[in-house]
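Novice: For reference, the structure I am asking about is given below.
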Amino acid sequence: MKITQISIFLENRKGRLFDVCSLLGQKKINIRALNIAETEEFGILRIVVDKPAEAVKALKENGFVAHLTDIVAVEVADQPGGLADILKILNENNVNVEYMYGFVERSADKALLVFRFDDPDRAISVLNSNKIKIIGSKDIGGL
């Protein structure tokens, strides 16, 4: 199962992150995961929200550059080596991780990680065959 992520280009200046979060809040769009990769001049804000199509529409209408991307959210044992176990399986099956970041979950014994793969369908197949739980879009609302 893939999840839709929004990537937003932001100038690296005061108030731009507030502008995005404020806009989404006004539109009653809930951010479920967030990551920022930055340089001195700009950043890429990656978010998972409960209403991605509405979010992109609102962002574009307000002058933001925003794109949809497929990602995969994986449940990982929240213990030392939990992530390494998943990465070992991906590595042994030649699945490339482009980037990843943490995700919020209310359960204490599991962590959720978001992965961007160069071949998400192949990654999903490998994860499923190794009985690794993938979190779908419907599950996001309960987190």
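Readers should treat all values here as calculations from the given coordinates under stated rules, not as data from a laboratory. Not measured: the values here are computed from a predicted model. Ideal geometry is used to build each Cβ from the backbone, glycine not excepted, and the neighbour counts take in all protein chains shown.
Novice: Which of rounded, prolate or oblate describes region 71-137 when judged by the alpha-carbon gyration tensor and an a/c cut-off of 1.5?
Specialist: Prolate, because a/c is 1.5 or more and a/b exceeds b/c.
Novice: Please report the relative contact order for the chain, taking Cα pairs under 8 Å with a sequence separation of at least 6, and give it as a percent rounded to a whole number. Write out the running numbers ahead of the final one.
Specialist: Numbers: 258 pairs, mean separation 39.4, N = 143.
Answer for the chain is 28 percent.
Novice: Next question, about the same structure. In debye to the nearest 20, how big a dipole does the chain give about its Cα centre with +1 on each Lys and Arg Cβ and -1 on each Asp and Glu Cβ?
Specialist: On the way: 19 positive and 20 negative charges, 104 e Å.
In debye, rounded to 20, the chain gives about 500.
Novice: Just want the answer: with Cβ charges of +1 for Lys and Arg and -1 for Asp and Glu, which residue in LEU23, PHE9, GLY43 is farthest toward the dipole's positive end in region 3-69?
Specialist: Of the options given, the answer is LEU23.
Novice: Nearest 500 deg cm²/dmol is fine: what mean residue ellipticity at 222 nm does the chain get from its DSSP H runs of n ≥ 4 alone, each adding -39,500 (n - 2.57), divided by its residue count? Don't jump to the answer; show the numbers that get you there.
Specialist: Details: 5 runs with 46 residues, N = 143.
Calculated mean residue ellipticity at 222 nm is -9000 deg cm²/dmol.
Novice: Name the residues of region 62-80 whose amide N is less than 19 Å from a point 7 angstrom out from the Cα of LYS131 along the C-beta direction?
Specialist: Only 74-79 fall inside the zone, counting backbone N under 19 Å.
Novice: Note down the Stokes-Einstein diffusion coefficient of the chain in µm²/s, whole number, using a Kirkwood radius over alpha carbon pairs, 20 °C, and 1.002 mPa s. Show your work: numbers first, answer last.
Specialist: Values: Rh = 16.0 Å.
Here the translational diffusion coefficient equals 134 µm²/s.
Novice: Using the alpha carbons of region 1-82, what is the convex hull volume per residue in cubic angstrom, as a whole number? Walk me through the intermediate numbers first.
Specialist: Numbers: hull volume 9.7 nm³, N = 82.
Dividing the Cα hull volume of region 1-82 by its residue count gives 118 Å³.
Novice: Using alpha carbon centroids, what distance separates region 1-55 and region 66-80, in Å?
Specialist: Centre-to-centre (Cα) distance: 16 Å.
Novice: Report the extension gain between ARG122 and LEU87 in nm, rounded to one decimal, defined as 0.36 nm multiplied by the number of residues separating them, less their alpha carbon distance. Before the final figure, lay out the partial values.
Specialist: Working: separation 35, 0.36 × 35 = 12.60 nm, distance 1.44 nm.
Contour length minus Cα-Cα distance gives 11.2 nm.
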